[in-house]
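Some notes on the structure that comes next.
Throughout, read-outs are computed from the coordinates displayed, never taken from laboratory work. Note that the coordinates shown come from a computational prediction; the quantities given were computed from them, not determined experimentally. Cβ: placed from backbone, ideal geometry, glycine included. Neighbour counts: every protein chain shown.
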Amino acid sequence: MNIPQTSFPRVVIIGGGFAGLAAAKGLEKQELQVVLIDKHNYHTFQPLLYQVATGGLEPDSIAFPLRKRFNDVENFYFRLAEVEKINPDKNTIKTSIGNLEYDELIIATGSTTNFFGNTNIKKHTMEMKSIPQSLNIRSLIIENFEEALLTSNIEERNALMNFVIVGGGPTGVELAGALAEMKKGILPKDYPDLDIRQMQINLIQSSDCLLKGMSAKASEKAEDFLIKLGVNVWKNLRVLDYDGKIVTTKGEDHFRAETVIWAAGVKGQMIDGLTEECVIERAARIKVDEFNQVLNYPNIYAIGDVACMASDKNPYGHPMMAQPAIQQGKLVAKNIIAKLFNQKQKAFVYNDKGSMATIGRNKAVVDLPKWKFQGVFAWFVWMFVHLFSLIGFRNKAIVFLNWVYNYIRFDRETRLIIRPYKKKKSAIS
């Protein structure tokens with residue numbers, strides 16, 4: 001891997017997401033050799049992936065090159081690779097480009113889509129955990145409308161214009177709202193020879209409320225916003241199967257749709273090598289103590305979505321969101337420094353700064369520790385927080401200008417098929 005030997009302790013970080021990036025930032029001014037490994041050479045701001053999928057933003061406005069962030073940091077190395085296995089006995093990792101020894105290892109691999117073992121759903125639905133996947137969704141949406149123009153079969157045309165989103169969390173709610181706004185203000189102008197009123201947006205949630213984990217008021221208001229935008233909200237309905245044409249549910253309601261987006265669950269992105277007792281199998285998360293140290297491995301830490309720090313308050317670990325990941329990354333960096341200087345490590349205490357979701361233009365819900373509000377002001381707060389959280393002045397400026405333009409013109413200029421996408425039968429058989 002061409003990483004030079006040094007007298008400094010080597011800290012290897014696997015993953016350049018929110019957690020891994022926070023840890024790397026916390027270690028950058030120390031007498032350490034830090035090696036960051038990721039399968040992409042950029043950090044993705046995942047909360048805005050749905051805007052890439054619906055043509056509101058281009059992917060480069062929510063991505064930031066990892067090398068650029070650390071190009072003036074001494075003893076920092078980035079390698080583009082996939083980590084295949086950890087060998088804790090030898091303090092090494094096996095990657096797609098070679099092996100590497102470590103003194104301290106931080107696992108920050110994040111999460112992946114959880115299909116709960118349903119192979120059909122995995123084969124035929126779309127997922128939205130990365131920029132390439134968001135671009136696939138964007139292309140598929142537009143391709144389906146182009147195809148709908150060419151068919152004289154009414155059932156087939158309706159299926160091409162029927163969208164099913166499974167999962168009523170922030171991702172599903174925000175995506176449904178964005179599609180509804182496209183239906184209202186953009187698609188009728190792009191496709192005047194199609195009856196866009198026949199387009200259906202179905203949001204399916206298996207429980208009795210949307211935005212589970214937020215307040216009851218936020219859930220009710222989000223549902224109200226979506227219904228007013230024309231979204232069909234289905235609660236207490238579980239999706240059992242999807243064969244590429246028909247969505248089968250546990251109830252009597254079934255949906256014929258060419259586009260099904262799965263946002264119903266996530267699980268940790270695991271790496272082989274740790275013992276079974278360290279892993280929670282169903283959620284694919286690594287058990288850690290209050291210092292984020294992996295059980296029985298004092299020099300291996302797990303942070304972010306892949307880590308499960310169970311406690312009385314959080315029996316299933318912290319929520320798989322950006323804030324816990326960032327806070328854990330910052331603290332683990334401090335604890336590694338303290339450990340190397342034989343100082344006492346600090347236990348992790350999650351500071352819940354609140355949750356928020358946007359449903360569309362002038363519509364959002366915000367739950368802060370002391371205040372809960374909805375509507376226009378919540379929408380401005382949502383925009384400010386997300387804009388402030390982006391990395392790089394250029395990204396902040398581009399996203400801000402896009403939002404201003406889209407708001408004034410009620411338009412989304414990036415509804416482009418850059419690379420055609422259709423799941424071929426040979427790829428899913």
What is the angle, in °, between the Cα long axis of helix 376-389 and the longest principal axis of the Cα atoms in the chain? Nearest 10 is fine, range 0 to 90. 40 degrees
For segment 341-383, what is the Kirkwood estimate of the hydrodynamic radius, computed as the reciprocal of the mean inverse distance between distinct Cα atoms, to one decimal in Å? 12.1 Å
Contour excess over end-to-end distance, with Cα ends at Asn299 and Ile280 and 0.36 nm allotted per residue: 4.9 nm
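In percent, what relative contact order does the chain have, based on Cα pairs under 8 Å that are 6 or more apart in sequence? Spell out each step's value before the answer.
On the way: 865 pairs, mean separation 86.7, N = 429.
Value for the chain: 20 percent.
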By how many degrees, 0 to 90 and rounded to 10, does the Cα axis of helix 322-340 deviate from the longest principal axis of the chain? 10 degrees
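Can you pull the semi-axes for segment 270-429, root of five times each eigenvalue of the Cα gyration tensor, sorted largest first, whole Å?
Values: eigenvalues 263, 118, 56 Å².
Each semi-axis is √(5λ); the values are 36, 24, 17 Å.
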Just to be sure I understand: with springs between alpha-carbon atoms less than 10 Å apart, which residue in Asp241, Asp193, Asp352 has the highest mean-square fluctuation in the Gaussian network model of the chain? Asp193
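Work through the residues other than Ala322 whose Cβ is under 13 Å from its Cβ and net out their charges, Lys, Arg +1 and Asp, Glu -1. Write down the numbers at each step before the final one.
Numbers: positive: Lys330, Lys353; negative: Asp305, Asp352.
Local net charge: 0.
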Translational diffusion of segment 168-309, µm² s⁻¹ [Kirkwood Rh, Cα pairs; Stokes-Einstein; 4 °C; 1.567 mPa s]: 72 µm²/s
Excluding residues on the same chain fewer than 8 positions from Lys68, give the lysines whose Cα lies under 18 Å from its Cα. Lys25, Lys29, Lys39, Lys396
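Of the listed peptides 160-169, 310-319, what is their order by residue-averaged count of other C-beta atoms within 10 Å, with the highest listed first? Show your work: numbers first, answer last.
Working: 160-169: 23.9, 310-319: 13.1.
Most protected by this proxy first, the peptides run 160-169, 310-319.
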Simple spin-label estimate for Ile246/Glu156, 7 Å along Cα→Cβ, in nm, reads 1.9 nm
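Within 10 Å of each candidate Cβ there may be at most 14 other Cβ atoms; applying that plus a DSSP loop requirement, which chymotrypsin sites (Phe, Trp or Tyr not before Pro) in segment 376-426 survive? Display every interim value, and only then the final one.
On the way: sites: Phe377, Trp379, Phe380, Trp382, Phe384, Phe388, Phe393, Phe400, Trp403, Tyr405, Tyr407, Phe410, Tyr421; in loops: Phe410, Tyr421.
Here the chymotrypsin sites (Phe, Trp or Tyr not before Pro) that fit, given the DSSP loop and packing criteria, are Phe410.
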Cα-projected label distance for Phe384 with Asn41, points at 7 Å along beta-carbon direction, nm: 3.7 nm
Mean-square fluctuation check for the chain, GNM, Cα pairs under 10 Å: which of Gly15, Gly354, Gly230 is largest? Gly354
Square roots of five times the C-alpha gyration tensor eigenvalues of segment 284-378, ordered largest first and given in whole Å, equal 32, 14, 11
Output the Kirkwood hydrodynamic radius of segment 31-140, Cα pairs only, in Å rounded to one decimal. 16.3 Å
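How high is the FRET efficiency from Phe116 to Lys235, r the C-beta distance, R0 22 Å, rounded to 0.05?
0.70
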Report, in degrees rounded to the nearest 10, the 0 to 90 angle that the Cα long axis of helix 18-27 makes with the longest principal axis of the chain. 30 degrees
FRET efficiency for Trp371 and Lys94, Cβ-Cβ distance as r, R0 = 56 Å, nearest 0.05? 0.70
For segment 284-320 and segment 45-116, write down the distance between their C-alpha centroids in whole Å. 19 Å
One finds the C-alpha centres of segment 126-170 and segment 349-363 to be spaced, in Å, by 27 Å
Expressed as a whole number of Å, what is the distance separating the alpha-carbon centroids of segment 26-44 and segment 239-283? 32 Å
So which GluC sites (Glu not before Pro) in segment 213-293 end up in coil per DSSP with only 11 or fewer other C-beta atoms within 10 Å? Glu252, Glu281
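Scan segment 315-349 for trypsin sites (Lys or Arg not before Pro) in coil per DSSP, keeping those whose Cβ has at most 13 other Cβ atoms within 10 Å, and list them by number. Write down the numbers at each step before the final one.
Numbers: sites: Lys330, Lys334, Lys339, Lys344, Lys346; in loops: Lys344, Lys346.
Taking segment 315-349 and a limit of 13 other Cβ atoms within 10 Å, the loop trypsin sites (Lys or Arg not before Pro) found are Lys344, Lys346.
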Surrounding charge for Ile398, neighbours by C-beta under 15 angstrom, Lys/Arg +1, Asp/Glu -1, total 0
With labels modelled as points extended 7 Å from the Cα through the Cβ direction, what inter-label distance (nm, one decimal) is found for Glu101 paired with Trp403? 4.8 nm
Of Lys353, Lys396, Lys129, which has the largest mean-square fluctuation in a 10 Å C-alpha GNM of the chain? Lys353
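Kirkwood Rh and Cα-based Rg: tell me the resulting Rg over Rh for segment 271-327, rounded to two decimals. Write out the running numbers ahead of the final one.
Working: Rg = 10.6 Å, Rh = 11.4 Å.
Value, to two decimals: 0.93.
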Take Ser207, project a point 7 Å from its Cα along the Cβ direction, then tell me which residues of segment 214-237 have their backbone nitrogen under 20 Å from it. 214-227, 233-237
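Under the √(5λ) rule applied to the eigenvalues of the Cα gyration tensor, what semi-axes describe the equivalent ellipsoid of the chain? Give them in Å, descending.
Details: eigenvalues 303, 102, 96 Å².
Each semi-axis is √(5λ); the values are 39, 23, 22 Å.
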